[in-house]
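**Q** Take this structure first; my questions come after.
Please treat every number below as a calculation from the coordinates, not as lab data. What you are looking at is a predicted structure, and each value in this text was computed from that prediction instead of being measured. Cβ sites come from the backbone with ideal geometry, for glycine too, and all protein chains shown count toward neighbours.
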Amino acid sequence: MTAFAAGTGTPWPAAVPAGIAVLVGACPLPLLAALPAALRAADRAGGDAVRLPAPWPARRDPVGWTGSAGGPGLAGRVDTVALAGPDVLTGTAPGTVTVHAGRGEDPVLVLRLAAAVAASARPGSDLRAAARALAAAVDGPVPDVAEADEQPGLGVSGLVAELRDPGPEDGGTTATVVAHAVLLGSPDWLAEHGIRVPPPLSVERERAVAEGRAVLVVAWDGCAHAVLALPRAPHPEARPGVSELVASGVTPVLLTPDDDGAARALAAAAGLDPADPDAVRPGLDPTARAAAVAGLRVRGRTVAVAGDPTTDEAALAAADLAVELVPWPTAEGTGTGTGAGATEHPDDAPDARPDPVVAPAHGSERICARGGPTEVAAALLIARRARARARSYVRAAVVLAVAGVVLAVLGTPAVVVAAVPVLGALGLAVRGPHRRS
């Protein structure tokens, strides 16, 4: 351009800036900044509850902006949302534990022994909800447990030692240490250990199951001593969230470790059809939940999985689109049906604000949200809007680039004017991805 201008008689002081203006106007930086700008705008629209993946260059194709053949993005193609895990509809509130103790059993001792073995469950265990409820129901510190052994989806066992106060039988002067081999889990799992649930406790268990409660049996020293009934009531925001998912055109599916009765009662209270075998999948451990997601994809569905990565990483990895869900923080209303005091448990503190999630190179795309189905619906909507916004930003960048080059060729703009789009894009790049005030 400079040579052309000089050859046509344009003075060099004017020809050189014209050539520079063409180079600046043709710079592709506005095109490269269009996607991060759109993603940042969508991320800000999500507030504190929804975080989208980090934009380019951290990811070249976040949130499935294009399909494998350049078709609609993943967020726009999702037709099924799998709500996976024990807390996705209930939040992390401990709830009220009801103790049905056998004849002559101390409900306080039952709670202490059950809370001790439940606390030994691994961080990603489906028993964490029961562990929170039991810890909140115990008045005082939870005893330590030794030789803990968890069988995923079945139960947990361990040795619990307690210091017994001196009694008349030993002269009232010597305290003794009493150790119990404690098991907490389903009746079928206890039966594998040769422990039979006596008829009175079986009746209480059946009654609790009919009421839609999650039920665990506590046994120690070879005998079943109590049945624990834990509520599985949905969070107040769960039902509106499920309605929003349905209104957005996706089908919600509940994948839960709860037994059949508790799962269907929870589903009905949250607005799902408890009679639909495709809508409610009870009794699934983490491996089975991942298999259920794979089965949905085999049937031709585009599946987004919403779940806590500490319990459902396998299901998230098996999804087309993963929504890492930090459950609702603790709500009011904890305690125990036995009248024991409730105490705050560290696991129930409000969760920290989630950070942006970057998907691995060969895995599901990731969105991070805090809450429940309402935030999942919002995340899908924001991701879809972000993709549309990115397209409009790219079109605007192309128009500006073409206009800048044409005007520069005509000798209209100065270098500073041609550099305005480039400087704006550079400012976006320097600002960095996902930076919020």
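**Q** Calculate the dipole size of the range 96-230 relative to its Cα centre from +1 charges on Lys and Arg beta carbons and -1 charges on Asp and Glu beta carbons; express the result in debye to the nearest 20.
**A** So the dipole magnitude of the range 96-230 works out to roughly 420 debye.
**Q** Then there's this: What percentages make up the Cα-Cα pair-distance distribution of the range 96-146 when the bins are 10 Å wide from 0?
**A** Pairs per bin, as whole percents: 27, 54, 19, 1.
**Q** Compare the peptides 157-163, 143-149 by average per-residue count of other Cβ atoms within 10 angstrom and give them in order, highest first.
**A** Per-residue Cβ counts within 10 Å, averaged per peptide and sorted highest first, yield 157-163, 143-149.
**Q** Follow-up. Mind pulling up the Rg/Rh value for the range 96-230? Radius of gyration and Kirkwood radius, both on Cα.
**A** Rounded to two decimals, Rg over Rh is 0.98.
**Q** Projected onto the charge dipole of the range 96-230 (+1 at Lys/Arg Cβ, -1 at Asp/Glu Cβ, origin at the Cα centre), which of G153, A210, L111 gives the Cα projection farthest towards the positive end?
**A** A210
**Q** How do 307-320, 186-199 rank on mean C-beta neighbours within 10 Å, highest first?
**A** Those peptides, ordered most packed to least, come out 307-320, 186-199.
**Q** For a quick protection proxy, order the peptides 97-110, 221-234 by their average other-Cβ count within 10 Å, most packed first.
**A** Averaged packing, sorted descending, gives the order 221-234, 97-110.
**Q** Which order results if T80, T287 are arranged by neighbouring Cβ count within 10 Å, fewest first?
**A** Fewest to most other Cβ atoms nearby, the residues stand as T287, T80.
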